[in-house]
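As structure tokens, the structure follows; a few thoughts come after it.
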Amino acid sequence: MDTQQVIEALRGCKPKEYDWTFALYSAHKSRDGTQLNWNKCNMRQVDRWVEQLIRQLLEKALPDHVVSEYSPLLPKEEIGAVACGSELIREQIRDLREGVAQADVFAPEDFCNGAAGKVAGYAFLGTESEAARAVRAEAEAAQAETEAGAEPALPPAREVLFLRRANPFLGGAKALLCVGENGEVAEAEDPLLKFTPQTDFLMIADCGYFFSESVEKDFDLESRPNAVCARRLEQIAQTEVVGNFEQLELTALSGKHTRKFLDFDREILEHIAGLSFEARMDFLGTYGITLNTEGKMDTADPEQCELIIDLLCGRSCLDALGRLAVGINIKPRE
């Protein structure tokens, strides 16, 4: 996941080879998280709008930004990348696809007068056309050996998503709509679409890219870390390397530390679990973590809990992975 990868994926995207859907959503929060309700609106020549989006991304958004693996602690100037199959957004992407597919179609004026609900954002969702898929299948079959006389299998349709957290419709309730009429300005009642070629979230080549923090709430990433943290704590409990697990759990589930578990590194946990008492003491002592008499990480002190969390979530000053590599004759970083 780097800047060049997303640039190449966008350059290879041909909007005219996709069937496009223009959909808008409203967002509602509940105890189960954020729910997006989708509605569709017919729009002609969506591929022209998408071409503008791709051009803006290639010329302005990407050249001046670095694409890094997604983390809630990324600097604002960095773009967060996460695989669509990741547990972080897998369910949200699935719900988005289903929501758009099952959405009702409303007229533009229904979005302006609120009949279709309060719009929080919109998306252009493209699915590769069957004709484009067939051409791609033939090209891929020509590069690989196939059974004699066998027809090339039709590959899964590619999908592209451009999502923006903004209401593109302006109606009489928000602003007076005016048009030029016989050289004069006249009030108009027709709906107006205000579309700017900007993207908050992009899905392409089975990867999602967050260009703005504003859209993270719609992927439920504000509450999602709680679920991720809980699962990681279960893994820690199973290894039985912590003396007072309840104390560690109490510290981990505080708002200050929960989001760190999005970067949890199980390799470090497994390494600690596999060490002898002496080796474990030596390894953890590098990070200021002490052991109790049973050889487990001592969590009696809340500060020790914080050190353990930082180590397991890649927040320590020293590089834990470098330390782990000592066993294969790679020196730890200074």
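The values are calculated or read from the model by the stated rules, or taken from the named source; none is laboratory data. These numbers come from a predicted model, not from an experiment. Glycine gets a Cβ as well: all are built from the backbone with ideal geometry, and neighbour counts include every protein chain shown.
When the residues of segment 293-334 are filtered to those that are of a type in the set (S, T, N, Q) and modelled with pLDDT under 90, which remaining residue is surrounded by the most Cβ atoms within 10 Å (Cβ to Cβ)?
Among those residues, the one meeting the criterion is T299.
Got at least one residue in segment 31-38 being assigned to a loop (DSSP other than H, G, I, E, B) and either more than 17 Å from T127 (Cβ to Cβ) or of a type in the set (V, I, T) (or both)?
Yes: segment 31-38 contains one or more residues that are assigned to a loop (DSSP other than H, G, I, E, B) and either more than 17 Å from T127 (Cβ to Cβ) or of a type in the set (V, I, T) (or both).
So L24 passes all but one of these: (1) at negative phi; (2) touching an Asp or Glu at 6+ places or on another chain (Cβ under 7 Å); (3) in contact (Cβ under 8 Å) with a residue 40 or more places away in the chain. Which condition number does it fail?
Against the list (1) at negative phi; (2) touching an Asp or Glu at 6+ places or on another chain (Cβ under 7 Å); (3) in contact (Cβ under 8 Å) with a residue 40 or more places away in the chain, L24 comes up short only on (2).
Anything in segment 95-116 that is part of a loop (DSSP other than H, G, I, E, B) and surrounded by 16 or more Cβ atoms within 10 Å (Cβ to Cβ)? List them, or say none. Let's see the steps before the verdict.
At the first step, the residues of segment 95-116 found to be part of a loop (DSSP other than H, G, I, E, B) are 103, 106-107, 113-116.
Correct list: A103, F106, A116.
Taking the stated definitions as given, is K60 in a helix (DSSP H, G or I), loosely packed, with under 15 Cβ neighbours inside 10 Å and at pLDDT below 90? Spell out the reasoning first.
Working: in a helix (DSSP H, G or I): yes; loosely packed, with under 15 Cβ neighbours inside 10 Å: yes; at pLDDT below 90: yes.
In short, yes.
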